[in-house]
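Comments concern the structure below.
The values are calculated or read from the model by the stated rules, or taken from the named source; none is laboratory data. Please read all numbers here as calculations on a predicted model, not as lab measurements. Please note: Cβ atoms are built from the backbone with ideal geometry, for glycine as well, and neighbour counts cover all protein chains shown. What goes into the accessible areas is simple: the full protein's heavy atoms, side chains included, and nothing from ligands, DNA or RNA. Shrake-Rupley method; radii C 1.70, N 1.55, O 1.52, S 1.80 Å.
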Amino acid sequence: MSTIRAVRTYLELPSGKAFVPAFSADPALTVVRAAAPDVALFRRLYQDVGKPWHWTDRNAWSDERLAEHLSRAQVELWVLRRGAEDAGFFELERSSEGVRIVYFGLDPRFFGLGLGKHMLSCAIREARRSRQERVFLDTCTLDGPAALPNYLARGFSPYRVEEVEARRP
């Protein structure tokens, strides 16, 4: 298996004061929490959203392992819907360090519509409901070109940057 060098950037929103929301007024948009550990829903969203960016980590997980992970009280799966269609998703994981946005992305069919800034604003809002100040995530140069600019525009700041070896897409 060949590898490629990438730059991973770790970002944090250390407090609510740094948050620059960009919610959409589009009434067709809703963000709903998946009520149960829906493995089939997660796998479909993970494939639809992650395929262009070569997301593969969770593909190696068994259904049982994924269901166990999604059923943990600290983990939340949220889905962005535009009308009746799933347009994207994010996964939050709460810990003593704060709330991590583990996965975040749009289905490519919805690129270019400004939905990413709305969904990120919703992810931050949901993360901060627990009253924890710090929200954090990481991205890399293999992610979509709008990812890092969106994170920075919503108020995230880099706290660490590193070069990593990734599997070649």
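Residue count for region 1-53 satisfying the condition of being open to solvent by 60 Å² or more (accessible area, probe 1.4 Å), closer than 30 Å to Ala166 by Cα and assigned to a strand (DSSP E or B): 3. Here Gly155 meets each of (1) modelled with pLDDT of 95 or more; (2) on the phi < 0 side of the Ramachandran plot with one exception, condition (2). Scan region 85-101 and tell me whether some residue there is under 17 Å from Ala153 (Cα atoms) and either among the aliphatic types (A, V, I, L, M) or buried (at least 21 other Cβ atoms within 10 Å of the Cβ) (or both). Checking region 85-101: at least one residue is under 17 Å from Ala153 (Cα atoms) and either among the aliphatic types (A, V, I, L, M) or buried (at least 21 other Cβ atoms within 10 Å of the Cβ) (or both).
Just to be sure before I move on: is Thr56 farther than 20 Å from Cys122 by Cα, open to solvent by less than 70 Å² (accessible area, probe 1.4 Å) and not hydrophobic (A, V, I, L, M, F, W, C) in the structure I sent?
It is true that Thr56 is farther than 20 Å from Cys122 by Cα, open to solvent by less than 70 Å² (accessible area, probe 1.4 Å) and not hydrophobic (A, V, I, L, M, F, W, C).
Screening the candidates Leu80, Leu66 for the property of being within 21 Å of Thr139 (Cβ to Cβ), open to solvent by less than 30 Å² (accessible area, probe 1.4 Å) and not basic (Lys, Arg) yields one hit, Leu80. Based on what the data block shows, is Tyr151 open to solvent by 10 Å² or more (accessible area, probe 1.4 Å), closer than 23 Å to Asp26 by Cα, of a type in the set (Ser, Thr, Tyr) and within 13 Å of the chain's Cα centre (by Cα)? Yes.
Inclusion of Arg129 among residues that are of a type outside the set (Val, Ile, Thr) and exposed (fewer than 15 other Cβ atoms within 10 Å of the Cβ) is warranted.
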